[in-house]
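Trainee: So that we are looking at the same thing, I have put the structure below in structure tokens.
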Amino acid sequence: MVGEDTQHPSGPFREISRLTRGVLYFVGRDDGLSRPRGFLGDSGCIIHESETNRTWQGRNLKQLSGTHDPKPSKGSPESRWEPGQAPHPIAPPALPPAPAPPPVPPPVPPPAPPLARATELPPAIPTAIPPAPGENPRTGSLTRNAPAAPINQLQIGQRADGRFDDEEATQKGLTDGEQNQESEGWDRWVSRSVKEAPSWLVSTMIHIAIILLLALIPLHREVTRSLVLFLGNADAGGEGDSLTSFNIAESEMMLGENDGESAEDLAVTASDLSVIVPELTEIGTQMAAPDFSIKKGLTGRSGTMKGALLKAYGGTDQTEQSVALGLEWLERNQISDGSWSLVSPFSSPGTSENRPAATAMALMAFMGAGNTHQTGTYQPNVYRGLNYLLRLQDEDGYFAAKSAGIQRTYSQAQATIALCELYGMTGDPKLREPAERAVGWALRAQDQGGGWRYEPRQTGDTSVTGWYVMALISARMAGLDVPSDQLDRIHQFLDTVQRKEGVRGPNPDGDQYAYQAPSQPKISMTAEGMLCRMYLGWKTDDPRITEGCGKVAGEPIVTGVQGRDYYYWYYATNALHHAGGANWRKWNDVMKEALPELQIRTGKERGSWPPEGDPHGSAGGRLYATVLSILCLEAYYRHMPLSEMANR
């Protein structure tokens, strides 16, 4: 048998005297010399003592064969061994005392348990080598480990008591892996196996586990009836901040083109609001009247609540794309001082400048999509616009000193809306005092008859009054104090402009509204008057509201130049959205297609709406038409539905 002699590289082994475990063997060489080499180990390994450092090493005999050294060296005839001669043991020579044994190395971790595989693994995976003839099949198998040691050489550590690790394990009938498992425990064994496994194998197992877990999660959940969204602050300390609920129920509002569709998009989380807990109800269960708080009216403009309301009330990807394009146009046309203009730098400008009004309207459009001076894609634009308005405000809360003529009153109301909404959305304490000053000015300007017009305490008209109603409701949504008696007084004015078809003069049963007391009803004033009534507490199922909404829904948005009226469309969209039901669906089915179709899609004015044909288009220009169109397409989520508040 031939094998490499690491101690005497000048010649190979020829024979081994005996292959009995624990018996001293000697090696015959071609030169006739024989000398004791060591003991034969249990697993077919020659365990010999190094002449240089006296450390024990193993030599595997698997590769040994009967070939001869072609150049045998000569030796002493006295010790020459002849082929065919029976091997004879010789007494081991006296060895000098062994030095203190080295520290016991840590046990070799067992190989990782085999894995079931559908395909062949790469050849780099450690695999077991079959035992050589004569080796113990339980302990003689070697493993291909790191290339630090040859595959035919196994390092065996010696313990302090002079015994070898594999020897004791064999006496107990245990393999190396079983010995480690018994001493370390299964959990430690698994941990060590994972740590020492190849990184690609660990990564593969982790990804498989994740895929299996994801497969257990339902990918489609159909919500067939109603959804209740509970709104409030998780850390609310006062009764006024307790949770309130908003029911997107199986009502007429939810039926129509979306019948049978999954409402999974309505399942929302607490990522954007303090607390939103969806709760499903049984079929046919009647929901109690929700405690809808006006303070929650601004909470649907961003995050998962925005997506839920968009889906619930008929918004589409196309409507959202139009909003995005419109906001991009506004961003491009903001002036360096933070303001916006009605007359530049775009085509089709207005005939008169009113920067406070233009800036306030642009801010309303940005905030309607969830942007504030603190967060959002257009945070820098909102921040600059806000600073522009704050620089305009005087100690009395007045913003419109730079506006011209009758436009001042519109500017003041719109700036108040923007400031109150921004304070309500962010709670920024720096905005509270400016917002309160603006609200104070509006309350002082109200006429004794309940309305507003071009000058403070002037007999009101429906157009200007509608903007101030929105300003005071926005203040309440922001948590600011607005006296109830002054809100109730607005009903007195609306009573004077309420009309019934075929009846001359004001009529309490009327479903239409006029511009002023002596005027005839108009469809735009009807939409604005109904919106004010609902903001002030009328129920949406009031016959005067439902009949008026039917008239408004009968005059939908048009795409031609004739009949174009952005002001009417703005108030009609908001009134019908808050009233809900079939009239809203009828209106929205047209609006969600017509307004995106009207939007400019190419060129310098891409994202804007054309003012041509609008009765107020020449005065307001392109920015006026663009802002009101954006506000229409944001109606799905800009304010929480007033129908719930009115039905309390």
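The values are calculated or read from the model by the stated rules, or taken from the named source; none is laboratory data. Predicted model only: the values in this text are computed from it and were never measured. Neighbour counts are summed over all protein chains in view; Cβ atoms, including those assigned to glycine, are modelled from backbone coordinates with ideal geometry. Areas reflect the complete protein model, heavy atoms only, side chains present, ligands, DNA and RNA absent. Shrake-Rupley method; radii C 1.70, N 1.55, O 1.52, S 1.80 Å.
Trainee: Taking segment 547-620, which trypsin sites (Lys or Arg not before Pro) meet the DSSP loop condition and have no more than 14 other C-beta atoms within 10 Å?
Mentor: Counting only loop positions with at most 14 other Cβ atoms within 10 Å, the trypsin sites (Lys or Arg not before Pro) in segment 547-620 are Arg601, Lys604, Arg606.
Trainee: In segment 495-529, which trypsin sites (Lys or Arg not before Pro) fall in coil by DSSP and have 11 or fewer other Cβ atoms within 10 Å?
Mentor: Arg504
Trainee: Let me ask something else. Can you give the FRET efficiency to the nearest 0.05 for Gln520 and Gln318, using r as the Cβ-Cβ distance and R₀ = 41 Å? Walk me through the numbers on the way to the answer.
Mentor: On the way: r = 37 Å, r/R0 = 0.91.
It comes to 0.65.
Trainee: Using the Cα gyration tensor of segment 366-499, with a ≥ b ≥ c the square roots of its eigenvalues, what is the shape: rounded (a/c below 1.5), prolate (a/b larger than b/c) or oblate (neither)? Display every interim value, and only then the final one.
Mentor: Working: a/c = 1.99, a/b = 1.67, b/c = 1.20.
The shape class here is prolate.
Trainee: In addition: Hey, can you grab everything whose amide H is under 5 Å from the amide H of Tyr513? Only 5+ residues off in sequence or another chain; H modelled, so Pro and N-termini drop out.
Mentor: Those qualifying (amide H under 5 Å, at least 5 residues apart or on another chain) are Arg499, Lys522, Thr526.
Trainee: Over 10 Å intervals from 0, what percent of Cα-Cα pairs in segment 480-534 sits in each interval?
Mentor: P(r) for segment 480-534, in whole percents per bin: 26, 52, 17, 4, 0.
Trainee: Val590 label point, 7 Å along Cα→Cβ, cut-off 20 Å on backbone N: hits in segment 623-639?
Mentor: 625-626, 628-636
Trainee: Filter the chymotrypsin sites (Phe, Trp or Tyr not before Pro) in segment 443-489 to those in DSSP coil with at most 14 other Cβ atoms within 10 Å of their Cβ, and list the result.
Mentor: Counting only loop positions with at most 14 other Cβ atoms within 10 Å, the chymotrypsin sites (Phe, Trp or Tyr not before Pro) in segment 443-489 are Tyr454.
Trainee: Can you report the principal axis dimensions of segment 337-388 using only the alpha carbons, biggest first, rounded to whole angstrom?
Mentor: Taking the Cα atoms of segment 337-388, the three principal extents are 34, 19, 15 Å.
Trainee: Further question on the same structure: What is segment 529-648 by shape, rounded, prolate or oblate, if you read a ≥ b ≥ c off the alpha carbon gyration tensor as root eigenvalues and call it rounded for a/c under 1.5, prolate for a/b larger than b/c, and oblate otherwise?
Mentor: prolate
Trainee: Can you give the convex hull volume of the alpha carbon atoms of segment 461-567 per residue, in Å³? Intermediate values should be presented prior to the final figure.
Mentor: Values: hull volume 12.2 nm³, N = 107.
With only Cα atoms used, segment 461-567 gives 114 Å³ per residue.
Trainee: Roll a 1.4 Å probe over the protein chains and send me the accessible area per residue for segment 366-525 in Å².
Mentor: Result: 41 Å² of accessible area for each residue.
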